[in-house]
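Notes follow the structure.
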Amino acid sequence: MAKVERNDPCWCGSGKKYKKCHAAFDDKLKAFELQGHMVPDHELIKTPEQIAGIRESGKVNIAVLDYVAEHIRAGMSTEEIDRLVESKTRELGGIPAPLGYEGFPKSVCTSINDQVCHGIPSEDIILQEGDIVNVDVSTLYNGFYSDSSRMFIIGQTTPEKEKLVRVAKECIEKGLEQVKPWQFLGDMSEAVNRHAQENGFSIVVDIGGHGIGLEFHEEPYVCYVAPAGTEMLMVPGFVFTIEPMVNAGTEDIYIDDNDGWGVYTEDGMPSAQWEVTVAVTETGYEILAY
Ligand code: MF3
Ligand code: CO
């Protein structure tokens, strides 16, 4: 990181002198770093203008998921969900971020029952009564990315799947309670993991969340099984996703060889996931997409 002189303009773009802006903040960061903690680089700390941009992107993401919620039903193909997402996103002036991302062929991920994440929508996959389905929407809007996902229960399902969907959502709430400046991502993870375990479920270890905002996936990798007091320090302006995958059985997963994307539980038991994009604020957090 280039050394900023105390009378230079602050690196955050506020226009204020460094000594009156982020100098004390940087000293605090440095102290955590010297204690051996991971701290975010300046690029991971968004300005208020950038947060405003991500917030606007998040509004599109939320509206698209609301639109899916209105239309999703038994008998519908996941390809139809893809069409809803793409048309609504474009109507609102956004671009679906998954489309073409590392070769992903569609605009949204749709993952049903034992499918953990990254399901590719298809004309051949028809939603059935009792299915639980994750719809994961990500938007690029005016240069800013947002990412959130929800679970949908198609008609009536089993009490076990219903509990899984509920607990996965509660895991997000437990995690959010721990999002505060000068605490650690591990504080959030431990709360998420504990809630899953207490309910007899497991959290996927090999796939996690990410920083987000100027890119779809930014540093750091966000893990949901790390202990409190570990992983990156959360500071105001840091934006990331909470998106734990909660499995009814074992945490073990595999990737579908045929399409190279779909992730499934090894034991065939169901999996559920909700996702939020969250910003760390001066006092706690702000949800930018849900
Ligand atoms: N939306 C997923 C996430 O939460 C990313 C999917 S990548 C894609 O990070 F290419 F599959 F869309
Ligand atoms: Co994500």
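Quickly estimate the mean residue ellipticity at 222 nm for the chain, helices only: each DSSP H run with n ≥ 4 gives -39500 (n - 2.57), and the total goes over all residues, rounded to 500.
So the calculated ellipticity at 222 nm is -9500 deg cm²/dmol.
May I ask for the net charge around Tyr145, where only other residues with Cβ less than 9 Å from the Cβ of Tyr145 are counted and Lys, Arg are +1 while Asp, Glu are -1?
Result for the local shell: -3.
Counting Lys and Arg as +1 and Asp and Glu as -1, what is the net charge of the other residues whose Cβ lies under 11 Å from the Cβ of Glu275?
Spelling it out: positives minus negatives among the neighbours equals -1.
What are the ³J(HN,Hα) values, in whole Hz, obtained from phi via the Karplus relation 6.51 cos²θ - 1.76 cosθ + 1.60 with θ = phi - 60°, for each residue of segment 264-278 in sequence order, with x given for Gly and Pro?
For segment 264-278, the Karplus-derived couplings read 10, 6, 5, 8, x, 7, x, 9, 9, 8, 10, 9, 10, 9, 10 Hz, x marking Gly and Pro.
Could you work out the per residue convex hull volume over the alpha carbons of segment 188-257, in cubic angstrom?
95 Å³
How big is the shadow of the Cα convex hull of segment 63-138, averaged over all directions, in nm²?
For segment 63-138, the mean projected area of the Cα convex hull comes to 4.7 nm².
When the Karplus curve 6.51 cos²θ - 1.76 cosθ + 1.60 is applied with θ = phi - 60°, which whole-Hz ³J(HN,Hα) does each residue of segment 228-243 get, with x for Gly and Pro?
4, x, 10, 6, 5, 5, 8, 10, x, x, 7, 10, 8, 10, 10, 8
Once fully extended, how much extra length lies between Asp259 and Asp206, figured as 0.36 nm per residue of separation less the alpha-carbon to alpha-carbon distance?
Contour length minus Cα-Cα distance gives 17.2 nm.
Arranged from highest to lowest average of other beta-carbon atoms within 10 Å per residue, in what order do the peptides 136-147, 247-258 appear?
My ranking of the peptides, most packed first, is 136-147, 247-258.
For segment 40-289, evaluate the Debye formula with one uniform point scatterer on each Cα (no solvent term) and list log10 I(q)/I(0) at q = 0.08, 0.11, 0.13, 0.16 Å⁻¹, rounded to two decimals.
-0.27, -0.53, -0.76, -1.16
Taking amide H atoms as placed 1.01 Å from N in the peptide plane, list the residues 5 or more away in sequence, or in a different chain, whose amide H sits under 5 Å from that of Leu288.
HN-HN under 5 Å from Leu288: Thr277, Val278, Ala279.
By the scheme Lys and Arg +1, Asp and Glu -1, what is the net charge of all other residues having a beta-carbon under 10 Å from that of Ile120?
-3
Going by average Cβ neighbours within 10 Å, how do the peptides 201-209, 155-163 rank, with the highest at the top?
201-209, 155-163
So what does log10 I(q)/I(0) come out to for segment 5-140 at q = 0.09 Å⁻¹, using the Debye formula with one equal point on every Cα and no solvent?
-0.45
If packing is taken as the average number of other Cβ atoms within 10 Å across a peptide's residues, how do 77-85, 41-49 rank, most packed first?
77-85, 41-49
Spelling out what I want: for every residue of segment 201-207, take phi, set θ = phi - 60°, compute 6.51 cos²θ - 1.76 cosθ + 1.60 (Karplus), and round to whole Hz; glycine and proline get x.
With coefficients 6.51, -1.76 and 1.60, one gets 10, 10, 10, 4, 8, 7, 10 Hz.
For segment 40-289, calculate the relative contact order in percent as a whole number, restricting contacts to Cα pairs under 8 Å that are 6 or more residues apart.
Reported relative contact order: 23 percent.
Where a number appears in this text, it was derived from the coordinates with a stated rule and is not lab data. As the structure is a computational prediction, the values presented were derived from the model and not from experiment. Neighbour counts run over all protein chains shown; Cβ positions are idealised from the backbone, glycine included.
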